[in-house]
Amino acid sequence: RKGEMMPPDVIIKYSNYFHDELTLDNMPRMQLINMCKYMAIPPYGSNNLLRFQLRHRIRTLKEDDQRILWEGIESLTKMELREACRERGMRSTGLSKDSYRRALQQWLDLSVNKNVPISLLIMSRTFFLQDEMVSGVTGKGEKDSSVASLAEAMSGLDKDLVNEIVLEMATPQEK
């Protein structure tokens, strides 16, 4: 509220409140359309159809994340790493195999190990890509940049959605 940057652990803690279902259910149509376009999903149809398609993609990504962890990220070829990054809305051209692996490992750390909702990670990737393109830097400070992108994604969410999350997390006395 004071405009100061929050520590990464606090950002990750608060991001866990933005469950995929709650986030998608309260997203305005324009955000749904933009998220579909970003994830290469045709943005046509009713809001419920767009939500269904996004939920399906999120479920697929969660299953894929578990599979990658089980098989080991080291077992993936450069093309598989590149495709995995593309499916998650991350940069998928012009990087080395190690850069793809680092980016995917960072995603897995946030989505599986820290339980950051995938819908929020997808939205944060747009900020992460934008910062990467403006600064032209990859590698150093990626983790800090990724967490900062998460914070930007959360701060850009619709106020009604944030109110729903606050109400869901409030204790009965606070309600």
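The values are calculated or read from the model by the stated rules, or taken from the named source; none is laboratory data. Here the structure is a predicted model, which is why all the values come from computation and not from measurement. In this analysis, Cβ positions are derived from the backbone assuming ideal geometry, glycine residues included, and neighbour counts consider all displayed protein chains. When the accessible area is computed, the model is the full protein with side chains, heavy atoms only, and any ligands, DNA or RNA have been set aside. Shrake-Rupley method; radii C 1.70, N 1.55, O 1.52, S 1.80 Å.
Solvent exposure of residue 55, expressed as accessible area, is near 50 Å², computed with a probe of 1.4 Å over the protein chains only. Across the stretch 101-116, computed HN-Hα scalar couplings (Karplus, 6.51 cos²θ - 1.76 cosθ + 1.60, θ = phi - 60°) run 5, 4, 4, 5, 5, 5, 4, 4, 4, 6, 6, 9, 6, 9, 6, 6 Hz from first to last residue, x flagging Gly and Pro.
Per-residue Karplus couplings for the stretch 85-93, computed as 6.51 cos²θ - 1.76 cosθ + 1.60 with θ equal to phi - 60°, are listed in order as 5, 4, 4, 9, x, 9, 4, 9, 9 Hz, Gly and Pro entered as x. Near residue 70, once Lys and Arg are set to +1 and Asp and Glu to -1 for all other residues with Cβ below 14 Å from its Cβ, the sum equals -3. For the residue pairs 37/97; 13/78; 13/37; 13/97; 13/159; 37/114, the alpha carbons lie more than 24 Å apart in 37/97; 13/78; 13/37; 13/97; 37/114.
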